[in-house]
Amino acid sequence: MQTRRDILRHGSVGLLTLAAAPLLAQAQAQEGSVRRYRLIAQEASRRLLGEDRPETPLWAYNGMLPGPPLQARQGEILEVEVENRLPQPTTVHWHGIRLPLAMDGVPGLSQEPIAPGGRFTYRFTLPDAGTYWYHPHWASSEQVGRGLYGALVVAEATDYAGADREMVWVLSDLRLDAQARIVGGFSNPMDASHGGRLGNTALLNGELARSVALAAGERLRLRLLNTANARIFSLRFQEHNPWLVALDGHPVPPRRLADDEATLLGPGMRADLILDATGKPGERFAVNDIDQDGRGYRLLHLDYAAAAGSSRAGFGGPVRPLPPNPVAEPDLARAERLELSMAGGAMGQIAEASVHGHRMSLRDAFRQHGVAWTFNGQAMPSPERNGLAAQQGSHAGHGAPLFDLKLGRSYILAVRNDTAWPHPLHLHGHAFRLLSRNGRPEPARPFHDTVLIQPGENAELAFVADNPGDWMLHCHILEHQAAGMMAVVRVA
């Protein structure tokens, strides 16, 4: 593993810090109760690299990096008024939430973008407990890359007693220059056609980190979110074997991670872990990450306090499963099979693409529309890149649906990654079961809303099309999305 000095000397990722999100009040929520928040998308600045370094100009919600942690309880109504003080339009997408289309925050499909100086109020019921997040869906590469993202934690309808306390770890990165300014050139041709915009400064909860304080003998719930544009995090906990209890907000049968097993999070993905603080008072352990180039670096330290703590959550014993969310179970025997081929990008094998129904060479598609990737040979340029006015119901820049699904029917989406790059595939408005990878059944068939498909890999995803509307399906490497790797899935 590289040392901190090595990392800083070579300009790689620095150490990260953690701030614990406050736990939701323990009082039971009444059905239909409303949680109200206000978000202001605005310019801000933070001193990210130390007191002796310049401040970094950002775009941030309420001036915070990440944005304020929104908390609610399953079954409650979330109401969020968003004010746009940015120099360009914006929206807010509620990543992973199964909500009505009009609240999904996709310009051209569900709403008009919020103009500079404008406001929009999102209001929807939270059907599922779990770890989610929010971010813009207009010029996503730039707006997320400048700091617009935040956590949304939905507590279980009945309090979960399986941990003594919980922490939210919002993982992200920024691309900074020597003066600590964010480097421009969002969705440039190199990033768009290769692995996306990788930052050179990794952050946890908006800060460079050194250590996290633990008390020996406590049991923690860690909510991990990857909000980066393109970075894939692969976390290993030195001499600790946490239990995996949820993926993308949805419970899985508790499973203890093996010594050499990492928690792998592509952009947009989340995982909930139960960590027993098994160290001794005064001891220190590393949490390491392996980046896309295979280089290891120390993310942070787990530092044990001088005195041991106590646990009421069954420290060292079996982990309590989380209650299931009310997601419809796909009928695999009657499910219709759909095929999705991912293609394009650097070292890709395609020579042409269909853009707005017109076939053209990939060279012309890239030059005219910024397109580098396709789904089933079709590419969808971003409306903002092409200067198209996104209006509700107009489908400006989105084109015809890639799939027309019948409401209430079950489907198996067979995905094939024919590119040289990984792609975290995200479906709006639904949750799907991951059935298999490369023909091998996936243990426990977990529910996801975002799944990482590796180069050359095949995967089968099963879901019930139970949420009517025109929904986005896209790669969550935001530069790939902007360069054509997105489509509309219609449920009617």
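Sorted largest first by accessible area at a 1.4 angstrom probe radius, with every protein chain in place, the residues Ser310, Ser234 fall in the order Ser310, Ser234. Among the protein heavy atoms of the chain, carbon and sulfur supply 50% of the accessible surface, probe 1.4 Å, non-protein parts ignored. For region 404-467, taking Cα atoms only, Rg and Dmax work out to 11.8, 35 Å respectively. Inter-label distance, Gln42 to Gln368: 4.3 nm, where each label sits 7 Å from its Cα along the C-beta direction. If the viscosity is 1.306 mPa s and the temperature 10 °C, what translational diffusion coefficient in µm²/s does Stokes-Einstein give for the chain when Rh comes from Kirkwood over Cα pairs? Rounded to a whole number, D works out at 69 µm²/s.
The candidates Met103, Met167, Met190, Met64, arranged from most to least accessible area with a 1.4 Å probe in the full protein assembly, appear as Met190, Met64, Met103, Met167.
Let a ≥ b ≥ c be the square roots of the eigenvalues of the Cα gyration tensor of region 68-138; is it rounded (a/c under 1.5), or, if not, prolate (a/b larger than b/c) or oblate? It comes out prolate by the Cα gyration axes. In this structure Glu55 has an accessible area near 90 Å², from a 1.4 Å probe over the protein heavy atoms.
Extension gain, Asp159-Ala262: 0.36 nm per intervening residue step, less the Cα-Cα distance, totals 34.2 nm.
For the chain, the mean residue ellipticity at 222 nm estimated from helices alone is -1500 deg cm²/dmol, where every DSSP H run of n ≥ 4 contributes -39500 (n - 2.57) and the total is divided by all residues, rounded to the nearest 500. Each listed q (0.11, 0.15, 0.20 Å⁻¹) maps to a log10 I(q)/I(0) for region 24-178 from the Debye sum over equal C-alpha point scatterers, namely -0.46, -0.82, -1.26. Can you classify region 264-329 as rounded, prolate or oblate using the Cα gyration tensor, where a ≥ b ≥ c are the square roots of its eigenvalues, rounded means a/c under 1.5, and otherwise it's prolate if a/b beats b/c and oblate if not? Here region 264-329 falls in the oblate category.
Convex hull volume of the C-alpha atoms in region 159-292, normalised per residue: 128 Å³. The accessible-area ordering, largest first, of the residues Glu83, Glu207 stands as Glu207, Glu83, per a 1.4 angstrom probe.
Entry comment: accessible area of the chain is 38 Å² per residue, from protein heavy atoms only and a probe of 1.4 Å.
Sorted into 5 angstrom bins from 0, the C-alpha pair distances of region 119-212 split as 2, 9, 16, 19, 16, 14, 12, 8, 3, 1 percent. Heavy-atom accessible surface of Glu457, to the nearest 10 Å², is about 20 Å², with a 1.4 Å probe and all protein chains retained.
The values are calculated or read from the model by the stated rules, or taken from the named source; none is laboratory data. What you see is a predicted model; the values in this text were computed from it and never measured. Here the Cβ is made from the backbone with ideal geometry for all residues, glycine too, and neighbour counts use every protein chain on show. Keep in mind that these areas ignore ligands, DNA and RNA; they rest on the heavy atoms of the full protein, side chains included. Shrake-Rupley method; radii C 1.70, N 1.55, O 1.52, S 1.80 Å.
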